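S.K.: Sharing a structure with you now.
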Amino acid sequence: MYPFDVILFDVGGVLLTNGWDHCERAAVLDLFGLDRNEFESRHAAPYDAWERDAISANQYLDQTVFYEPRPFSREDFLNAVFEQSQPLKDGALGILRELAASHKCMLGVLNNEAREPNEYRFKRYGLRNSIQVALSSCYLGLRKPEAAIYRRALDILGKPPERVLFIDDRTENAAGAAAAGIKTIRFEGAGALRRELGNLGVL
């Protein structure tokens, strides 16, 4: 018997680079000549709302960038945000695709991401070709590591927690899943993940 019914991957930090974390923000802010401290002072609250799909990209940008006239457009800025998404060096994208080709269990993502970058990343890197379920914060209105997102994920999947494996690079997110009874692996590179999956009988 295959050890899991569902394997869920985080996206940023596991499959791809982070979409809009501090390093990505710094690169884009420097590109447009924006003050990092000013931006960061405005970022946290609207970003939480954006990742929950409570506000749109335009509303997020209204509060963080376009609260005053700029010599560039929203489209220019968002495109620069999207361009930060790249395959992660030593990431698990190849492992996801290998598991997808085996057809041995359901595959999905459980990630924190705002709708526009999330859908860009899914399309740009063909993630929907490898997964059957997308449990993204922008679709659920919840964010990791909140306990409610793991409960909601299990409700949607309809599987016992011990039959679900979750892979995430952040300790707090893995701990949240483990507290819900989900088997977790903290991602520390493709080689280490491949060894752990081998030990579990997944690969």
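S.K.: Only bridges whose two residues both fall in the chain count here: according to DSSP, what percent of them are antiparallel, nearest 5?
M.R.: About 5 percent, rounded to the nearest 5.
S.K.: Moving to a separate point now. Using semi-axes √(5λ) of the Cα gyration tensor in Å as the read-out, say which of [x] 32, 17, 14; [y] 26, 21, 14; [z] 39, 19, 16 was calculated from these coordinates.
M.R.: Structure-derived value, by its label: [x].
S.K.: Given Lys159/Lys183; Lys89/Lys144; Lys89/Lys183, which pairs have Cα atoms separated by over 18 Å?
M.R.: Lys89/Lys144; Lys89/Lys183
S.K.: Another question, if that's okay. Can you work out the FRET efficiency for the pair Gln86 and Tyr2, with r the C-beta to C-beta distance and R0 = 30 Å, to the nearest 0.05?
M.R.: Calculated value: 0.40.
S.K.: Along Cα→Cβ, 7 Å out, is where each label goes; now give me the distance between the ones at Asp76 and Arg124 in nm to one decimal.
M.R.: Modelled inter-label distance: 1.9 nm.
S.K.: Below 15 angstrom from the Cβ of Lys104, what's the summed charge of the other residues (Lys, Arg +1; Asp, Glu -1)?
M.R.: So the surrounding residues net to +1.
S.K.: Could you check the simple spin-label distance between His103 and Ala178, using points 7 Å along Cα→Cβ, in nm with one decimal?
M.R.: About 3.6 nm separates the two model spin labels.
S.K.: Quick one: net charge of Arg186's neighbours, Cβ under 14 Å, K/R +1, D/E -1?
M.R.: Here the charged neighbours net out to -2.
S.K.: Which of rounded, prolate, oblate describes region 153-201, given a ≥ b ≥ c as roots of the alpha-carbon gyration tensor eigenvalues and a/c under 1.5 marking rounded, otherwise prolate only if a/b is larger than b/c?
M.R.: Note, shape of region 153-201 comes out oblate.
S.K.: In addition: Run the dipole for region 60-203 about the Cα centre, Lys and Arg Cβ at +1, Asp and Glu Cβ at -1, nothing else charged, and hand back the magnitude in debye, nearest 20.
M.R.: Charge dipole of region 60-203: 560 debye, to the nearest 20.
S.K.: Ratio to report: Rg/Rh of region 92-145, with Cα atoms as the point set and Rh obtained by the Kirkwood method; give two decimals.
M.R.: With Rg and the Kirkwood Rh in hand, the quotient comes to 0.98.
S.K.: Angle, helix 147-157 long axis vs. longest principal axis of the chain, Cα atoms, 0 to 90°, nearest 10?
M.R.: So the inclination is approximately 60 degrees.
S.K.: Run through all the Cα pairs of region 22-82 and give the fraction in each 10 Å bin from 0, expressed as whole percent.
M.R.: Histogramming region 22-82 at 10 Å steps yields 22, 63, 16 percent.
Every number here is computed from the coordinates shown, using simple stated rules; none is lab data. Here the structure is a predicted model, which is why all the values come from computation and not from measurement. Cβ sites come from the backbone with ideal geometry, for glycine too, and all protein chains shown count toward neighbours.
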